[in-house]
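Here the structure is laid out as structure tokens; the discussion comes afterwards.
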Amino acid sequence: MLTLYKILEIGYLIMAAFFIYHGIASFSVNTTMALVYLGLAAMAIFMYFFKRNFRKKRFENQNKK
């Protein structure tokens with residue numbers, strides 16, 4: 001189960017990289033969509049750190065029991 005959580009965390013980073021790439025690539029064509037992509041990238045990065053912190057707390061508490 002621990003590996004699944006780590007894989008999902010890496011998935012958030014991959015999504016963030018994808019959104020950053022599309023945001024930069026479409027910045028000159030459509031600024032509004034570029035900002036949406038960059039906002040989604042920021043959300044994915046936030047989710048990565050949130051999920052990582054949550055996983056660490058959860059498994060540390062299980063190891064203490």
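Scanning region 1-43 for residues that are touching a Phe, Trp or Tyr at 6+ places or on another chain (Cβ under 6 Å) and among the small types (Gly, Ala, Ser) turns up GLY23, ALA34, ALA41. Tell me yes or no: at least one residue of region 34-56 is basic (Lys, Arg), in a helix (DSSP H, G or I) and out of contact with any helix residue (DSSP H, G or I) (no Cβ under 7 Å at 6 or more places or on another chain). Yes; the residues of region 34-56 include at least one that is basic (Lys, Arg), in a helix (DSSP H, G or I) and out of contact with any helix residue (DSSP H, G or I) (no Cβ under 7 Å at 6 or more places or on another chain). Screening PHE27 with (1) in a helix (DSSP H, G or I); (2) surrounded by 11 or more Cβ atoms within 10 Å (Cβ to Cβ) gives one miss only, at (1). Scanning region 12-22 turns up no residue that is surrounded by fewer than 17 Cβ atoms within 10 Å (Cβ to Cβ) and over 17 Å from the mean Cα position of the chain (by Cα).
Where the second residue is assigned to a helix (DSSP H, G or I) and the first is farther than 14 Å from ILE45 by Cα and lies in region 1-21, which pairs have Cβ atoms under 7 Å and are six or more apart or on separate chains? Pairs found: LEU2/PHE59; TYR5/ARG55.
Here, each number is a calculation from the coordinates, and none is a lab measurement. Model, not experiment: these values are computed from the prediction. Reconstructed Cβ throughout: ideal geometry from the backbone, glycine too, with neighbour counts over all protein chains shown.
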